[in-house]
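Read-outs throughout are calculated quantities, based only on the coordinates presented, and are distinct from any laboratory measurement. Predicted, not measured: the structure shown is a model, and the values here were computed from it. Cβ coordinates were reconstructed from backbone atoms using ideal geometry, including for glycine residues, and neighbour counts include every protein chain displayed.
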Amino acid sequence: MDTRRTVEEFNDCTSKIIGCAMKVHATLGSGLQEVIYQRALELRWSARAFILKEKKKCPFFIGITILGHGGWIFSLKMR
């Protein structure tokens, strides 16, 4: 099965993801805990026909030293 996407499909997918993030921010505003935005994004993505395949913490580095784990990296798939 060929899973490659055309440029148009990629751009459409990217626009939907960014649109969801903008809608969440416009609805909730700023200043909330990250977990609230994360949950809201997951709900918006689900409503927009995305499947959350994987979610993992993102490490932050200075040089080769890990400062800690912060934000999230999401792996999405269109239905």
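So how tilted is helix 7-28 from the main axis of the chain? Cα-based, degrees 0 to 90, rounded to 10.
Long axis of 7-28 versus the principal axis of the chain: about 50 degrees.
Take peptides 23-34, 38-49 and line them up by average Cβ neighbours within 10 Å, highest first, as a rough protection proxy.
38-49, 23-34
Counting only pairs 8 or more places apart or on different chains, how many lysine pairs in the chain have C-alpha atoms closer than 17 Å?
Taking the Cα cut-off of 17 Å, the pair count is 5.
How would you order 56-68, 6-18 from highest to lowest mean count of nearby Cβ atoms within 10 Å?
6-18, 56-68
With all distinct Cα pairs included, what does the Kirkwood hydrodynamic radius of the chain come out to in Å, to one decimal, could you say?
Taking the inverse mean of 1/r over all distinct Cα pairs, the chain comes out at 14.3 Å.
To the nearest 0.05, what FRET efficiency results for Ser30 and Phe10 with a Förster distance of 35 Å applied to their C-beta separation?
0.75
Just to confirm the number: angle between the C-alpha axis of helix 34-47 and the first principal axis of the chain, 0 to 90 degrees, nearest 10?
10
Treating only the Cβ atoms of Lys and Arg (+1) and Asp and Glu (-1) as charged, compute the dipole magnitude of the chain about its Cα centre; round to the nearest 20 debye.
200
Calculate one ³J(HN,Hα) per residue across region 62-67 by plugging θ = phi - 60° into the Karplus curve 6.51 cos²θ - 1.76 cosθ + 1.60, and present them in order as whole Hz with x for glycine and proline.
10, x, 9, 8, 7, 7
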